[in-house]
Structures are given as structure tokens and as C-alpha cells.
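Everything on this sheet refers to the single structure shown next.
The values are calculated or read from the model by the stated rules, or taken from the named source; none is laboratory data. The shown structure was predicted, so the numbers you read here are calculated from the model rather than taken from an experiment. Quick reminder, even Gly has a Cβ in these numbers, built from the backbone with ideal geometry, and neighbours come from all protein chains shown.
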Amino acid sequence: MGKVTATIMLSNLDDLFEVEKGQRSTDYVRSIEVSDALVDTGATMLSLPTGMIQSLGLKKFRSRTARTPAGIREFDVYGMVRLDIEGRDCSVEVAELPDECPVLIGQVPLELLDFVVDPQGQRLIGNPDHGGKHMIEMF
């Protein structure tokens, strides 16, 4: 398939809720732009390095078991972020990765954003089954 990357914006969802309630200024929403997030159709979740999780101020919710290239491992799952890619957004939990790993966009966020990988163009495209428009399935 080749390497597919995307420019993404990540924002702490709790901060955004506080803005909505008038408890926080938009200037103080913790956000990070990543210009080279790796699209990984073999991964399930949105996964971020530890340093980014700390910068976003995310709180740990639980631990989960994962099958990784290094074998079965425990990893921590953190609070929700709003993930923005190419004008589409969704809210997702975050899995923690070591700092030397890239940001990984897995199957769940791709599904929520209704993107598929164009292997020839090595890019994300809107789901052709939906005419390229952002749509969710409800059946």
C-alpha cells in the first residue's frame, strides 16, 4: 500500500466542553497540529506518543491489552480528543505509545471520519461508497 500520512489537529475535548460552558477561553484549549500522522489500517485506535498526551492534558481512563509487532502488551487509554482531518472531525479515545513512535490513525477514527485509503494515490479519500461525502452508517 505504501506510506500514507495526514495532517491532523488534536484538541482536548474536555477543554472544548469548558469553552462551550463559558469556563475556559478558546485561547486556552490544549491543541496540537501533527503534519505527518501515519495512517495505519492495521491499528484500531488513534495512538499518540506519551509527550503529546501530556501536552494535551489527557487523563488516563483504563488499561487495555493489545496485540503488537512486539507481542501482547498492556497499554494505557486516555481521555477523548477531537480529531480534525481535512474538514472532518470526530471524538475518540487515545491509546498511548512510546515517544519514539509516530502518531497512528487506526480503523476506528477512519471509520468515524468516513475516510478510506487510496493505495495508488497514497492518500486518504472520502469513502467512494458515499460519493466521497462524510456520512455515517446507522444500521
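Here are some notes:
- Scanning region 105-139 for residues that are assigned to a loop (DSSP other than H, G, I, E, B) and farther than 16 Å from Arg88 by Cα, we see that the one that is modelled with the lowest pLDDT is Phe139.
- Answer residue from region 26-47, given it is out of contact with any helix residue (DSSP H, G or I) (no Cβ under 7 Å at 6 or more places or on another chain), not aliphatic (A, V, I, L, M) and not in a helix (DSSP H, G or I) and is surrounded by the most Cβ atoms within 10 Å (Cβ to Cβ) among those: Ser47
- Considering (1) under 15 Å from Ile105 (Cα atoms); (2) exposed (fewer than 11 other Cβ atoms within 10 Å of the Cβ); (3) charged (D, E, K, R), the lone condition that Arg62 does not fulfil carries the number (1).
- Of everything in region 48-73 that is modelled with pLDDT under 95 and assigned to a loop (DSSP other than H, G, I, E, B), the residue that is farthest from Val92 (Cα to Cα) is Ala70.
- Taken together, Glu20, Glu33 contain a single residue that is farther than 22 Å from Thr5 by Cα, modelled with pLDDT of 95 or more and acidic (Asp, Glu), which is Glu20.
- Pairs meeting the criteria (first residue in region 88-107 and more than 18 Å from Thr5 (Cβ to Cβ), second residue of a type in the set (Gly, Ala, Ser), beta carbons under 6 Å, at least 6 apart or on different chains) are Ala95/Ser47; Asp99/Gly51.
- Contact annotation: residue pairs with Cβ atoms under 9 Å, 6 or more positions apart or on different chains, pairing a residue in region 45-68 that is under 16 Å from Asp15 (Cα atoms) with a partner that is part of a loop (DSSP other than H, G, I, E, B), are Met52/Leu58; Met52/Asp99; Met52/Val103; Ser55/Arg30; Leu56/Arg30; Gly57/Arg30; Leu58/Arg30.
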